[in-house]
Amino acid sequence: VRRDLDLVRETGATMHFLHLSTAGSVDLIRAAKKEGLPITAEVTPHHISLRDEMLLGFNPLFKVNPPLRTAADIEALHEGLRDGTVDAVATDHAPHAAHTKEMPLDEAPPGMLGLETALGVLCTAIPLEVQRIAELMSWNPARISRLDARHGRRIAAGEPANIAIWDTTTTWTVARQELASLSSNTPFDGMTLRGKVHHTIFDGEIVVYEGKAQK
């Protein structure tokens, strides 16, 4: 992160930092933003909720890149979400065939499912205002990726009908066999989360209804 910030200073280019996971990285990004550098940054749901000690059982479901970190790092990520240092929450959704995640830890590929549990993990890990959640998971990602002509827009007549209907109070228990993904590599299986997407409309068509994918 420090090296890439130096490159931004040298070139004036914009840069987006993926998957911040350490307190040191958050501190560097915060200072660089105060300096006025043209940067944005994101965190993943698993890095704000899962601790490195979960790897003590050598379960490949908890293997990700960058790796899970300490409680102190997680708290630093939370503070970055609260104070605006972090611009977005990105799922880092990485499905894998079941047999690859059954390999020994050093041979198994890194990555876990993240899409269907992202909102619930965020709402469970850290209390945030509804508007801040929308910024982190819709408005800012659309702006950063330059998709804001169609996504992350206000709900109004004449606007693109790309809408997620969700709330932060619904509690639900993750069951990997009920997820829409053809893969099942989620460490959140069996966990109770608070916050759920109920419906999703894409291009005017309902693609998720009552929490179930329609396609």
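The values are calculated or read from the model by the stated rules, or taken from the named source; none is laboratory data. The model shown is predicted, which means the values in this text are computed figures rather than measured ones. So basically every Cβ, Gly included, is an ideal-geometry build from the backbone, and we count neighbours across all protein chains shown. Quick note on the areas: whole protein, heavy atoms, side chains included, nothing else; ligands and nucleic acids left out. Shrake-Rupley method; radii C 1.70, N 1.55, O 1.52, S 1.80 Å.
Which order do the peptides 8-18, 132-142, 64-74 come out in when sorted by mean C-beta neighbours inside 10 angstrom, highest first? Walk me through the numbers on the way to the answer.
Working: 8-18: 12.8, 132-142: 18.4, 64-74: 16.1.
Output ranking for 8-18, 132-142, 64-74: 132-142, 64-74, 8-18.
Give me, ordered by chain and number, the residues 5 or more places off Met191 or on other chains with an amide H under 5 Å from its own placed amide H.
Placed amide hydrogens put Val174 under 5 Å from Met191.
Give the residue from Val197, Gly152, Gly211 lying farthest towards the positive end of the charge dipole for the chain; charges sit on Cβ (+1 for Lys and Arg, -1 for Asp and Glu) and the dipole is referred to the Cα centre.
Farthest towards the positive pole: Gly152.
List the relative contact order of the chain as a percent without decimals, with contacts defined as Cα pairs under 8 Å and 6+ residues apart.
Working: 372 pairs, mean separation 36.9, N = 215.
It comes to 17 percent, rounded to a whole number.
Evaluate the charge dipole of the chain about its Cα centre and quote only its size in Debye, nearest 20, assuming +1 on the Cβ of each Lys and Arg and -1 on the Cβ of each Asp and Glu. Please list the in-between numbers first.
Values: 22 positive and 28 negative charges, 70 e Å.
I would put it at about 340 debye.
Please list, ordered by chain and number, the residues whose modelled amide H lies under 5 Å from the amide H of Trp166; skip anything fewer than 5 residues away on the same chain.
Those lying under 5 Å, H to H, from Trp166 are His198.
Give the average over all directions of the projected area of the C-alpha convex hull of the chain, one decimal, in nm².
Numbers: hull surface 51.6 nm².
Taking the Cα atoms of the chain, their convex hull projects to 12.9 nm² on average.
For segment 106-215, what is the accessible area per residue in Å², given a 1.4 Å probe and the full set of protein chains? Write out the running numbers ahead of the final one.
Values: 6420 Å² over 110 residues.
Here the residues of segment 106-215 average 58 Å² of exposed surface.
With n ≥ 4 as the cut-off for DSSP H runs, can you work out [θ] at 222 nm for the chain, using -39500 (n - 2.57) per run divided by the number of residues, rounded to the nearest 500?
On the way: 6 runs with 54 residues, N = 215.
After summing the helix terms and dividing by residue count, I get -7000 deg cm²/dmol.
Tell me, what % of the accessible area of the chain is carbon and sulfur with a 1.4 angstrom probe? Before the final figure, lay out the partial values.
Details: 6270 of 11540 Å².
The C+S portion of the solvent-accessible surface of the chain is 54 percent.
Of Ile74, Leu55, Ala41, whose Cα points farthest to the positive end of the dipole of segment 33-104 (charges on the beta-carbon: +1 Lys, Arg; -1 Asp, Glu; origin at the Cα centre)?
The residue sitting farthest along the positive end of the dipole is Leu55.
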